[in-house]
Amino acid sequence: MTTTGEPKAKSSTPPRGKQPGPPRRPGDVIFSGAAKGAGVLILAILAAVAIFLLVNAWPAISTPTDELSESVHWIKEGDSLLDYVGPLVFGTVLAALIALIIATPVAIAVALFISHYAPRKLAQIFGYVIDLLAAIPSVVYGLWGALWLMPQMFPVFEWLSEYLGFIPIFQGPAASPPRTILTAGIVLAVMILPIITAVSREVFLQTPTLHREAALALGATRWEMIRMAVLPFGRSGIISAAMLGLGRALGETMAVAMVLSPGFVYSFFILQAGQQQNIAANIALKFPESSGLGVNVLIFTGLVLFAITLLVNMIARWIVSRRAEFSGAN
């Protein structure tokens, strides 16, 4: 016996494992492809720069020490390539650390003033000024440091040498004019101050309003609210801003070349001239007179600077990710 009835309606639910995704509009496809292409292009450019530096630095790396000192007149006899680049790395890192130590607390204080203390109109004016300072060319900072800052800092350096000379880094005599690594560090600190301030300000402004209002409702003062709510929230952003400023300080050229008397020794005496030099300024000063193997030596120092900058950024990313994981776990 056969029965007739309406045919069963097909289920609109697709089988498991074949769930439909969101609709793919042409704009989404174009944007996704452009984003992926930009990411691949950045990696390709980075790899191309690394390969270029390595290929052009290889003649200097593979040249024996005796031939190297004979071909490149600014390398002392008997010094290897590492003996030459070592003091440059030391001076580069030292100047950048001095700048970071000076600039970071000031930048955080300015960012907190703009975001939580200053009236709205005054905060807008300060924000515009900070953004403009970040756009000033480095040669202008170099002129300011050479023509105005150095004469003003000499009495300060004398005072540091006289009264704090028992601390090794302040041992004198103070150089006159003070073309020292400390002067270069101060100029670099002024240069990276707007970058750290701008990034920190934007991070502080992103603090959830409920967090700030909850702290104030519990009776916290404005500073206690900042200490308990704003600074913990913005810690990873502060680290990112500081590392961004450190990256610029590591690669700065003209400002350092204009205020620093070059030297090639390992020395923490920051008040004495002729002690340190950084890699970027050394390349700028030596490149016009270099040829042949000398160019390869300078490219090798550029490769070392490239590696240092890449390492700093990798460490910064690791610190920020660790902070994010720790905050998420809590």
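Data for the structure
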read-out: Top-ranked residue in the range 291-315 [being free of Cβ contacts under 8 Å to residues at least 60 places away in the same chain and small (Gly, Ala, Ser); ranked as surrounded by the fewest Cβ atoms within 10 Å (Cβ to Cβ)]; value: Ser291
read-out: Condition broken by Trp144, with the remaining ones in (1) of a type outside the set (Ser, Thr, Tyr); (2) exposed (fewer than 13 other Cβ atoms within 10 Å of the Cβ); (3) in a helix (DSSP H, G or I) satisfied; value: (2)
read-out: Long-range neighbours under 6 Å by Cβ, at least six apart or interchain, first residue part of a helix (DSSP H, G or I) within the range 56-72, second open to solvent by 70 Å² or more (accessible area, probe 1.4 Å); value: Ser69/Glu77
read-out: Some residue of the range 174-192 being over 28 Å from the mean Cα position of the chain (by Cα) and open to solvent by less than 50 Å² (accessible area, probe 1.4 Å); value: yes
read-out: Enumeration of residues in the range 242-264 that are farther than 16 Å from Thr309 by Cβ and either touching a helix residue (DSSP H, G or I) at 6+ places or on another chain (Cβ under 6 Å) or among the basic types (Lys, Arg) (or both); value: Met254, Ala255, Ala257, Met258, Val259, Leu260, Phe264
read-out: Leading residue by the ranking (surrounded by the most Cβ atoms within 10 Å (Cβ to Cβ)) among those in the range 66-100 that are closer than 19 Å to Leu303 by Cα and of a type in the set (Val, Ile, Thr); value: Thr92
read-out: Test for Ala103: is it open to solvent by less than 20 Å² (accessible area, probe 1.4 Å) and touching a residue at least 24 places away in the same chain (Cβ under 8 Å); value: yes
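The values are calculated or read from the model by the stated rules, or taken from the named source; none is laboratory data. This is a predicted model, so every value here is computed, not measured. When we count neighbours, we look across all protein chains shown, and the Cβ atoms used for this are built from the backbone with ideal geometry, even at glycine. When the accessible area is computed, the model is the full protein with side chains, heavy atoms only, and any ligands, DNA or RNA have been set aside. Shrake-Rupley method; radii C 1.70, N 1.55, O 1.52, S 1.80 Å.
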